[in-house]
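One structure below.
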Amino acid sequence: MAAWHRARRADIGLRALGSGLCGTAGAAAQRLGALSFPPHAPSLLAIALAILAFVCASAGGALLLLGAHLFDRVEVSARWRRGGAA
C-alpha cells in the first residue's frame with residue numbers, strides 16, 4: 001500500500017483528475033469572462049472564480065503533465081540537505 005502511485009492505473013487516474021481540474025479551471029475562467037463589473041470593483045463572485053481558476057489550473061496542470069511522476073524522489077545537493085554542516 002505504500003507505493004500505490006507506482007501502478008499504471010493510479011497514473012491514469014491522476015492524469016484524468018488533472019484533466020478534470022483543467023476543465024473546471026476553463027469553465028471558471030469562461031464564467032469569469034462573462035461577468036460584467038465596473039472597473040476596479042470586482043465582486044466577491046469574481047474573486048472566487050479567479051481563485052478557483054488559478055488553483056484548478058495549477059493543480060490540474062501538474063497532475064496532467066506529471067501523473068504518478070509527481071511523487072518521484074529528487075536528489076538534493078548536500079549543500080541544501082538538512083542536518084550536518086557542509
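The values are calculated or read from the model by the stated rules, or taken from the named source; none is laboratory data. Quantities reported herein were computed from a predicted structural model and do not represent experimental measurements. Reconstructed Cβ throughout: ideal geometry from the backbone, glycine too, with neighbour counts over all protein chains shown. Accessible surface areas use protein heavy atoms only, side chains included; no ligands, DNA or RNA. Shrake-Rupley method; radii C 1.70, N 1.55, O 1.52, S 1.80 Å.
Across region 25-68, the convex hull enclosing all Cα atoms gives 61 Å³ per residue.
Per-atom-type breakdown for the chain gives carbon and sulfur 66% of the accessible area (1.4 Å probe, protein chains only).
Of the listed values [x] 0.96; [y] 1.58; [z] 1.00, grab the one calculated as Cα Rg over 2.2 N^0.38 Å from the structure here. After the calculation, the listed value that fits is [y]. What accessible area per residue comes out for region 25-68, rounded to a whole number of Å², with a 1.4 Å probe? With all protein chains present, region 25-68 gives 63 Å² per residue. Using a simple spin-label model with pseudo-atoms 7 Å out from Cα toward Cβ, VAL76 and ARG31 lie 3.9 nm apart.
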